[in-house]
Amino acid sequence: MLAAELRRITGRRGSYWSAILIGLATVVTMIIVRLTQNGDAGGTELLDAMDPVSIPATLMAVIVGALAGSYDMAQGTMRYLVMTGVPRRRLYAIRALGTAIATVIACVPAIVVVLVAAYVCRHSSFNDPTASADLGAVWAYLANPIVFALVSMAIGSLLHSNGAAIGVSLGLSLGGVIITGLVEHYLSKTASDYLLPTATDIVAQLRHHDNIPLGAAFAAVAAWLAVFLGAGLVRTLRDEY
């Protein structure tokens, strides 16, 4: 069933191939700009940029996730999946897992290009990438796309409409940054760090923050995912198909 779910997600070629190509184009542009500006960028400098350049990949993952959650409901094919006798919880769990795996696969080309460029561009022992730096860069690139793909999948499952799911998911991912800024300005910096966008960034960097520890950031991300995925699951369990 997981293989079938992956085929459904990757089979929506317009959104999925766009996610792959836009992510790849972003990192290629970053590499070209750094080489042009610095002349000889060290390998670690390229790896350090993996978190910021994951933003386009995150936005595309939102679209992929929203369609993964809403497509079967919007097209009326969910009833046939339910008629197979597979429990709805299992269908939902497979959809969530498939969304996460498909997001990782879509990010792989961009990650490979950056890692290869990092080793080609090394020029001193100080700038030689290490195994821990490689793993940190990969995680920094994957964290936001995976988290927001799952959130948007849950929203798609909740709304049952392709257009609405994409619109709300994009609005949440983009508007979340604005909301975080407002909370930081008018309430407190610590409170804003527990919101999903900031907490996910802290998790992506794997570094303790000034206001909250890394473990608390992981807990905050897990709690937000539980809220969104739980809402999507409730709708899936209660609906009649």
Considering only residues of the stretch 67-121 that are outside any helix (DSSP H, G or I) and of a type in the set (A, V, I, L, M, F, W, C), which is surrounded by the fewest Cβ atoms within 10 Å (Cβ to Cβ)? V86
Residues in the stretch 104-124 that are under 17 Å from A3 (Cα atoms) and without any contact (Cβ under 8 Å) to a residue 60 or more places away in the chain: how many? 1
Restricting to the stretch 199-215, count the residues that are crowded, with 17+ Cβ neighbours inside 10 Å, at pLDDT 90 or above and over 19 Å from A137 (Cβ atoms). 1
Could you tell me which of the residues V177, V221 is at pLDDT 90 or above and among the aliphatic types (A, V, I, L, M)? V221
What are the residues in the stretch 128-158 that are surrounded by 20 or more Cβ atoms within 10 Å (Cβ to Cβ) and β-branched (V, I, T), if any? I146, V147, V151, I155
Filter the stretch 34-43 for residues that are in a helix (DSSP H, G or I) and at pLDDT below 70 and give the result. N38, G43
Which numbered condition in (1) buried (at least 16 other Cβ atoms within 10 Å of the Cβ); (2) more than 21 Å from G65 (Cβ to Cβ) is the only one that A220 fails? (2)
Failed criterion for G171 (all others in (1) at pLDDT below 85; (2) closer than 24 Å to P56 by Cα hold): (1)
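The values are calculated or read from the model by the stated rules, or taken from the named source; none is laboratory data. Given the structure is predicted, the values throughout are model-derived calculations rather than measurements. Cβ sites come from the backbone with ideal geometry, for glycine too, and all protein chains shown count toward neighbours.
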